[in-house]
Amino acid sequence: MMHTPKVYSPRSLDEAYEILSRRAMKVIAGGTDLMVLINARQLDAEEFLDIWRVDELRGIADEGDSIRIGALATYTEMIRSPLVQEFAPALVAASRTVGAIQIQNRGTLGGNIVNASPAGDSLPVLAAYDAELEIGSLRGLRLMSFNQFYTAYRRTVLESDELVVAVRVPKLKADERDFFCKVGTRRAQAISKTVMAVKAKTENEILEWIRVGVGSVAPTVVRAYKTESLLAGRAITSDLIEQARQSISLEVNPITDLRSTEHYRRRVTGNVLARFLRGIIDSDGAGT
Amino acid sequence: MKIEFQINGATRVIDSPPMRRLLDVLREDLRLTGTKEGCGEGECGACSVIINGEVINSCLVPVCQTTGAIITTVEGLAKDARLDPLQQAFLEAGGAQCGICTPGMLIAARALLDLTAQPTRDEIKEAIAGNLCRCTGYVKIIDAIERASLIRTR
Amino acid sequence: MVVGQNVLRKEGVEKLTGAARYIDDIAIEGVLYGKTIRSSVARGLIKSISFDPRFDWSPITVCDWRDIPGENFVALIEQDQPLLAEREIRHAEEPILLIAAESRALVEEAASRIRIEYEELPAVLSMEESLACREIIYGPDNVFKRFLIARGDIDDGISQGDVIIEGEYRVPHQEQLYIEPQGMIAVPSDTGMTVLGSMQCPYYVHKALKQLFNLSDERAVVIQTTTGGGFGGKEEYPSMIACHAALLAHKARRPVKIIYDRAEDIAATTKRHPGVIRHRTAVTRDGRLTASEIDVVLDGGAYVTLTPVVLSRAAIHALGPYRCEHVRITARAVATNTPPNGAFRGFGAPQVAFAYEMQMEKIALRLGIDPLELRRINMLKEGDITATGQRLQWSVGSEDVLNTVVERSRFEEKRAEIQSERASSHKRRGLGLSFFFHGAGFTGSGEAKMKARAGIEITPEGRARVLSSSTEIGQGTQTIFCQIVADELGLVFDDIEIEETDTSRVPDSGPTVASRTCMVVGRVLQLAAREMKERIKLFAAELYGAPEIDLIEGHFIEGEKVLASFAEVARHYAAQRGELKVESQYASPKGVEWDDQTYSGDAYPAFSWGAEVAEVEVDMDTFEVSVLKITTAQDIGRAIHPLLAAGQIEGGTLQAVGYGIMEELVWDRGRIVNRMLTNYIIPTSMDAPEMETIIVEKEYPHGPFGAKGVGELPMDGAAPAIAAAVLNATGAFVSEIPVTPERLMMAVEELKASVS
């Protein structure tokens, strides 16, 4: 770009709201998504709202039934947080698969959410966990279900004067389990071909309920509601696992692109769910 | 805009458009050309620097976010013209071939060793997963970092 | 003796402190930033070029083909590749214009203000399309080059066999992906042009520059700067960039820097030649090869560039390291409307190695013979004759490498272990073997024609300075040259220096390619050192009246007595006789003969030999292949510096792993789609296998201290070893690389379908 963009770097959330209320502009946090676009000359904005110094957006707190993760929490912070480790281990697992350490140190949960890529690695976890988003503006704070946040490919319900402030993740209870699996193009620095998070409650080998979030298989992150219903209250048998595999392969809506094929994504998404279910009934619990 | 930060132990004030990449400020304004550009997209890690103790790709950092930061580049590793143990280990173990990824590798290794004094080989592998090398197959880089970790604790 | 020791690298320290200066680290006063404007269509004619009138063009330097003083082509083999397109476009990203401005931002802005319109023509985008000849884009039939290698009588051989096995194998493009992108700086002067940059072959660039401006040898100066990886990608392509920078510099009368960004580098520069290789092998029931018919087709891209040489090496290696009396190898390189392909480590051999080794796996499968046994039955040994009729007269480590790798990897025991593991497991392990060879040096008469030169001069301080245009690009050239000279001359390693790779200061040692740097140029230096030692010993003997004088570790010694230091004697020599300098030229060893007409004889003075075992784990849910460990034994004659040699093997092996399982270019109408590091993927540390490398030394009598070639051999083994391991793990035979999860899934599904 020939012009040099103007940057506003507020120190407080109110200041940030104030700036956004005047004029819509691109919001930059850790920069791991936006700077890539800027470097590739694919983003030519005249102004940026730099929220990196808004400390109110940081922190991971225990809120009783849930944990509250500030929008600026980095992947590294989530990985190291005892709260996230204990109460949302799939989010730790997901964070460890993002890029590599350099990206984990700067990339933020809020950024992953707002960037709205269908391949965002944390998104299936938030979907499976039925997380809630705190969205703020000068007009006040509102709560919304994460699973209602996306409307279409890279489109969210966020108004131009709003910021995602924090994410509330309901804690994993003692009798619940979670699971995360990312199938990427390689073992680090990879974009996912399919990425799945599961939260479930099992009693012996009966699946009381299951929540399945999947990324990279549709224009947005999705919940596999049909497959979840199919599995609810059922005893896990190899027959049911096969049904589940078929069901979710048909339920998702992947495309063929430069990374992978529709056929592969359908098939492997099914296999990954099957792996989770096998893990419940296998004696070693590892699903292998 | 004027930005003040600490670089390799010295306080510097630079004047730069706010969205300019830290990588360019280091290489062009401060003439610290040890930090390299390999891709401009945060994939290769050749531009890695340490900011406030964390290893970060400087091609993805707008300089307006570095006010008050404590930054270390590869030029800041050696002391008084003597190689630091990590650099010495790389030299002895054959950790550098063409050398273009080396500054980034050293920085990632330094950040790791500052956090974990005696990492396992798996931990080393994960710590340098964001630093691409095309020459070595990573074998002797991991050897070098392991070697350095043993020296430091002796 | 320092040869064989892991001395600390001469060029080592700078790279560790950040002091090493790569081309983009160099700031030159008054420099302009150059950029190349390229075609966005694969084939067509330029209809119009328009410059946005609302933009201020006065500070922008613009060059087109009319600014070329001499003839518009890049000097390589044929004169077909223009520096700048005039009207005809033969591939996407073909250079059309060059622009320069005072800042990168300004030159990018200017680039966005240029519009080029084309009349598109139907593009030939695959080897099959090219061979079908519906569109002719080169010569009468789209074929750049043909080779035929024939030995014995094919029909005879077929009749001797019990079974005929056919196979078709496909290998893709591969991007060299040096972490330092290509770049040059051209600095004009009143009398000539100096170019500095990232390159492997200063004299190739020198030749191109001389031709461009009709300059004498001295007026064109080319200096190689610290180069961040080459792997062949900086063999011929730099001549293009250098000429581009020079054209701009000449017009602007200011220095010009062109640095490619990663996307441009991937999109526009040379790649490994993709290919389709067909095998038809007759074999006896007990596994002996009796006849082999092989057809190799390589895709050369739009212009000839170095394709005939790549095809040559592919053809010569196509049979593999095996004995077969009746052979017929046909090889063709065809033209397509894609960016010209070029040198990449291996240079035709990795392509055919994948094919010949997978063909051996297929034969083993079909006959029910152990793949290891099949290699043992047919492997070339000393005294055997190759496909081109070469009798292997020395340095044949074939048995050694195979036996070593089998033993060290515990191949047979592990295979049995894996066999007994649960077959229904969702993670399946597999072991695969490959056996391969690589001719060192230029093919056939190449070295004789090249007449590589290198020399040594003694400095006023009494140190020896090596003079050679061989470049250090990560492999340790400077270090091994100094080791060879130190030992041969009788000085200590620290007293050997190496001159900068600057064409005004060093002779033409030939390009840094073809695994020739140590074997050929190292040899020339060894002989130069030998001659110099004789000369100075004679002088010292006279000077001190000591006929038995010897030069050891920097001192002249007679018996037990130290008579003088080398530096002292050198000073005397300089005072009395003038400059002490020796330059030598390469001469092929006696008894090495090649016939260009019949394409037969001794293709290379020596082959390096390799064997590899890959252990993989296949995830049967995701079809991801994890390469757990690679064990490889490689006969390189002699390891001048074992650590550096192992480094070459490890690095080449991982590049071959990438070739085998993950590297792939995606095309759309002749343009590369995945041109960023996020989507052209190479192995990270997490993808890299554990590696055990065993260096075998079967000395080559005409190499320095027995050394032959190491640079490219490692590129040949991993892809087939991995594919064989995947076969072992899953039963699926994949005949196309990379073995991506998508491809493997299809193969496994097909297998299931055929079984049920």
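The values are calculated or read from the model by the stated rules, or taken from the named source; none is laboratory data. Everything numeric here is computed off the predicted structure, so don't read it as measured data. Note that we place each Cβ from the backbone using ideal geometry, even for glycine, and neighbour counts take in every protein chain shown.
Observations on the structure shown:
- Residue match in the stretch C:509-532 (condition: within 19 Å of C:Ala448 (Cβ to Cβ), among the basic types (Lys, Arg) and surrounded by 22 or more Cβ atoms within 10 Å (Cβ to Cβ)): yes
- The stretch B:1-45 - residue that is in contact with an Asp or Glu (Cβ under 6 Å, 6 or more places away or on another chain) and among the β-branched types (Val, Ile, Thr) and, of those, nearest to C:Ile23 (Cα to Cα): B:Thr33
- Residue in the stretch C:119-140 that is modelled with pLDDT of 95 or more and within 14 Å of chain B (Cβ to nearest Cβ) present: no
- Test result for B:Asn57, more than 11 Å from chain C (Cβ to nearest Cβ) and free of Cβ contacts under 8 Å to residues at least 24 places away in the same chain: no
- Selection count, the stretch C:250-277, where residues are assigned to a helix (DSSP H, G or I) and either under 14 Å from C:Leu83 (Cβ atoms) or free of Cβ contacts under 8 Å to residues at least 24 places away in the same chain (or both): 3
- Selection within the stretch A:44-72 - touching a Leu at 6+ places or on another chain (Cβ under 9 Å) and without any contact (Cβ under 8 Å) to a residue 40 or more places away in the chain: A:Arg58, A:Gly59, A:Ile60, A:Ala61, A:Asp62
- Boolean, B:Glu28 is at pLDDT 95 or above, charged (D, E, K, R) and within 16 Å of the chain's Cα centre (by Cα): no
- Test: residue in the stretch B:121-134 that is touching a Lys or Arg at 6+ places or on another chain (Cβ under 8 Å), within 12 Å of chain A (Cβ to nearest Cβ), crowded, with 23+ Cβ neighbours inside 10 Å and not in a helix (DSSP H, G or I): yes
- Test: residue in the stretch B:108-115 that is within 10 Å of another protein chain (Cβ to nearest Cβ), surrounded by fewer than 19 Cβ atoms within 10 Å (Cβ to Cβ) and within 27 Å of C:Glu692 (Cβ to Cβ): no
- In the stretch B:22-51, of all residues being more than 7 Å from every other protein chain (Cβ to nearest Cβ) and in a strand (DSSP E or B), the one that is nearest to C:Tyr680 (Cα to Cα) corresponds to B:Val49.
- From the list C:Gly462, C:Gly455, C:Gly474, the lone residue that is part of a strand (DSSP E or B) and either of a type outside the set (Phe, Trp, Tyr) or buried (at least 24 other Cβ atoms within 10 Å of the Cβ) (or both) is C:Gly455.
- Subset of the stretch C:199-241 (residues that are among the aromatic types (Phe, Trp, Tyr) and touching a helix residue (DSSP H, G or I) at 6+ places or on another chain (Cβ under 6 Å)): C:Tyr204
- Within the stretch C:554-571, tally of residues that are touching a residue at least 24 places away in the same chain (Cβ under 8 Å) and surrounded by 15 or more Cβ atoms within 10 Å (Cβ to Cβ): 8
- Members of the stretch A:233-252 found to be surrounded by 13 or more Cβ atoms within 10 Å (Cβ to Cβ) and in contact (Cβ under 8 Å) with a residue 24 or more places away in the chain, listed by number: A:Arg234, A:Ile236, A:Leu240, A:Ile241, A:Glu242, A:Ala244, A:Arg245, A:Gln246, A:Ile248, A:Glu251, A:Val252
- Test: residue in the stretch B:64-75 that is within 25 Å of B:Pro18 (Cβ to Cβ), more than 9 Å from every other protein chain (Cβ to nearest Cβ), more than 12 Å from the chain's Cα centre (by Cα) and in a loop (DSSP other than H, G, I, E, B): yes
- Scanning the stretch B:103-135 for residues that are polar (S, T, N, Q) and farther than 12 Å from B:Val49 by Cα yields B:Thr116, B:Gln118, B:Thr120.
- Candidates C:Val627, C:Val613, C:Val582, filtered to the one that is in contact with a helix residue (DSSP H, G or I) (Cβ under 6 Å, 6 or more places away or on another chain) and within 14 Å of chain A (Cβ to nearest Cβ): C:Val627
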